[in-house]
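Written out below as structure tokens is the structure these notes cover.
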Amino acid sequence: MEKIIIIKYGELTLKKKNKNFFLKTLKNNIEEALKGIDYQIYYDFGRMFIETSKLEKVIDILKNIFGIYEIIIGYKDEEREIAKIKDQVLYLIKDYEFSNFRVSTKRSDKTYPITSMEINKIVATAILKSRNNLKVQLNEPEFNVNIEIRKKEVLYYFDAIKGLGGYPVGTLGKGMLMLSGGIDSPVAGYMAIKRGVKIEAIYFESPPHTSDQAKNKVISLAKKLAVYNNTVKLHVINFTKIQEEILKNMPRDYLITIMRRMMYRISAIIASREKALAIFNGESIGQVASQTLASMKVINEAIKLPVIRPLACFDKTEIMEIARKIGTYDISILPYEDCCTIFVPPHPVINPRLDKTLEYEKLIPYEEYIYEAIKGHEVIKVGVEEENNYQDIL
């Protein structure tokens, strides 16, 4: 008998014709994450299995892979005689303490001569005889004994580790995340990845108004997202010229509206070049002036590419809770401002008019500035195992 990791798919089981595509992508993502580790992986439509001598290390990695509903340490045995099954269960549960239990048998091999119900009864009876004061509890038992009869072996398992769920990364295409140094945008990136979107990120810096520490802060946030995305390609845009021209020529109450429209235009161009299908950001309805519905409508008008806001209906407390869970919160609250916060006017417009916005934009040759910013932009590939630990220099 040997230990084996069993992966349950959860939401992926609802897929029909495309199910094999989702499972192949999940397998590829796992293989990418397990590079350098000895293992064997195989799957069917009901389960995925990993055999490895590095059990705990592999499980720690699997906990950060989307598309996995449950991770289970199971036991595989080629002996399929009912007497052997009964003995193996008694041996495997000997160190577990429980007052009630349930036996659940699944026969993947329908030719096995004993039905699932009969196996349940035989094994449950043996367990009851082996200990005093035990009860069978079919609804919400304290302890589950799971038996799976397969063509060549029997699987036994008891405990499950909850996975991240969601879809395997890459199954729903690529998205461009507008990543700032704040709390919200990394969480939005995480939520996008959870739905199967492979993200790249774009960051707007404004030196000398923003510091190297602010940039390194964003790189550290990208590194946290790379845990789930494998790597993050980070596009760094020098936004100084555009921002200074907006500040010099535009009414102060429209600064944020026009600045965001410029960011959207640049993000859309980079996204199209990288074959990203949508832009993602951390906007939440009503959180700041540029995130009222009226502002969103005017800002969105600048581009045709879809803008998806995973946190649109989240409140700040909910967003902070997720940020703490994924390890971005402590980085996001470091006191290094980005270009979105440095030039915020005291009273930004919350119901901007599109006609005024378009009129103000004519005051500067913004297309020329956008071209220059994109032409000279920096690309940083951030992975989980980067040699430079950006967190250390913040």
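The values are calculated or read from the model by the stated rules, or taken from the named source; none is laboratory data. Quantities reported herein were computed from a predicted structural model and do not represent experimental measurements. Don't worry about glycine lacking a Cβ; one is built from the backbone with ideal geometry, like all the others, and counts go over all protein chains shown.
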For this session: Considering each of I219, I270, I266 in turn, give the residue that is touching a His at 6+ places or on another chain (Cβ under 6 Å), at pLDDT 95 or above, not assigned by TED's automatic domain parsing to the domain that holds N28 and not in a strand (DSSP E or B).
Result: I270
Exercise. What are the residues in the range 92-150 that are closer than 16 Å to I72 by Cβ and either without any contact (Cβ under 8 Å) to a residue 40 or more places away in the chain or in a loop (DSSP other than H, G, I, E, B) (or both), if any?
Worked result: I93, Y96, S108, R150
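This table checks each residue for (1) within 15 Å of V154 (Cβ to Cβ); (2) modelled with pLDDT under 95; (3) of a type in the set (V, I, T).
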position	(1), (2), (3)
K15	no, yes, no
K19	no, yes, no
K63	no, no, no
E79	yes, yes, no
Y91	yes, no, no
K94	no, yes, no
For this session: Report, by residue number, each residue of the range 22-49 that is in contact (Cβ under 8 Å) with a residue 40 or more places away in the chain, among the aliphatic types (A, V, I, L, M) and farther than 30 Å from R107 by Cβ.
Result: A33
Problem set entry | Any hit, the range 308-316, residues being surrounded by fewer than 17 Cβ atoms within 10 Å (Cβ to Cβ) and either more than 20 Å from the chain's Cα centre (by Cα) or assigned to a helix (DSSP H, G or I) (or both) | yes
For this session: Go through the residues of the range 70-81 one by one and say whether even a single one is closer than 25 Å to K198 by Cα and either assigned to a helix (DSSP H, G or I) or touching a residue at least 60 places away in the same chain (Cβ under 8 Å) (or both).
Result: yes
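For I65, state whether it is of a type in the set (A, V, I, L, M), assigned to a strand (DSSP E or B), touching a residue at least 12 places away in the same chain (Cβ under 8 Å) and within 30 Å of E140 (Cβ to Cβ).
Working: of a type in the set (A, V, I, L, M): yes; assigned to a strand (DSSP E or B): no; touching a residue at least 12 places away in the same chain (Cβ under 8 Å): yes; within 30 Å of E140 (Cβ to Cβ): yes.
No; evaluated as a whole, the condition is false for this residue.
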Problem set entry | Pair list, Cβ under 8 Å, 6 or more apart: the range 162-183 residue under 19 Å from I202 (Cα atoms) and hydroxyl-bearing (S, T, Y), other residue surrounded by 21 or more Cβ atoms within 10 Å (Cβ to Cβ) and modelled with pLDDT under 95 | S180/D338; S180/C340
For this session: Only residues that are farther than 24 Å from R195 by Cα, among the hydroxyl-bearing types (S, T, Y) and out of contact with any helix residue (DSSP H, G or I) (no Cβ under 9 Å at 6 or more places or on another chain): list them for the range 1-57, please.
Result: S53
Exercise. Which of the residues spanning the range 96-132 are within 21 Å of E153 (Cα to Cα), within 38 Å of the chain's Cα centre (by Cα) and of a type in the set (D, E)?
Worked result: D109
Exercise. Restricting to the range 1-24, what's the tally of residues that are surrounded by 19 or more Cβ atoms within 10 Å (Cβ to Cβ) and assigned to a helix (DSSP H, G or I)?
Worked result: 3
